[in-house]
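Before any comments, here is the structure.
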Amino acid sequence: MARVPRSEFIRAVSDLAAEVYDFHERWGVEERLPESAIDRMRIRQPMLREEMRELDDEIVTKDEVALAEEATDVAFVAIGHLAALRELSLSSIETVIAKNAAKTDQSHYINKETGKITRRSKSA
């Protein structure tokens with residue numbers, strides 16, 4: 001399976017985020033949520049858990065197309081979380097981007113068991 005070119009991937013994810021925004025507008029999602037960010041996430045978390053369960057189910061079925069669609073559903077709901085966080089999302093997106101961009105071979109390694117980029121211990 002070929003890697004998607006960067007520009008196509010960025011366009012597709014941007015299109016997904018635009019649809020999340022439009023979906024929220026169309027359905028008045030954010031207007032129906034409480035003011036507190038904590039309460040907003042408490043209400044939204046079951047949706048994300050359900051999408052994660054569906055993704056887990058598709059891993060078992062080994063249907064790669066359905067798996068990709070479920071992974072996209074997870075992203076859709078996660079982006080919806082960001083939209084529901086309103087202005088809090090903008091600074092948090094910048095923070096997470098900067099944090100991940102700063103990870104290097106000197107500060108992190110790929111954990112062979114989990115595949116996760118993991119911070120090296122200070123004593124190493």
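So, of the residues in segment 58-89 that are free of Cβ contacts under 8 Å to residues at least 40 places away in the same chain and not in a helix (DSSP H, G or I), which turns out to be surrounded by the fewest Cβ atoms within 10 Å (Cβ to Cβ)? The qualifying residue surrounded by the fewest Cβ atoms within 10 Å (Cβ to Cβ) is 62.
Of the numbered criteria (1) part of a loop (DSSP other than H, G, I, E, B); (2) hydroxyl-bearing (Ser, Thr, Tyr); (3) surrounded by 10 or more Cβ atoms within 10 Å (Cβ to Cβ), the one residue 104 fails is (3). So, residue 121, is that one out of contact with any Lys or Arg (no Cβ under 9 Å at 6 or more places or on another chain) and closer than 23 Å to residue 14 by Cα or not? Spelling it out, it is not the case that residue 121 is out of contact with any Lys or Arg (no Cβ under 9 Å at 6 or more places or on another chain) and closer than 23 Å to residue 14 by Cα.
Being modelled with pLDDT of 95 or more and loosely packed, with under 10 Cβ neighbours inside 10 Å: is that true of residue 26 here? Taking the combined requirement at face value, the residue satisfies it.
The test for being among the hydrophobic types (A, V, I, L, M, F, W, C), touching a residue at least 40 places away in the same chain (Cβ under 8 Å), assigned to a helix (DSSP H, G or I) and on the phi < 0 side of the Ramachandran plot holds for residue 41.
Would segment 2-23 turn up any residue that is surrounded by fewer than 12 Cβ atoms within 10 Å (Cβ to Cβ), modelled with pLDDT of 95 or more, aliphatic (A, V, I, L, M) and not in a helix (DSSP H, G or I)? Yes: one or more hits.
The values are calculated or read from the model by the stated rules, or taken from the named source; none is laboratory data. This is a predicted model, so every value here is computed, not measured. Reconstructed Cβ throughout: ideal geometry from the backbone, glycine too, with neighbour counts over all protein chains shown.
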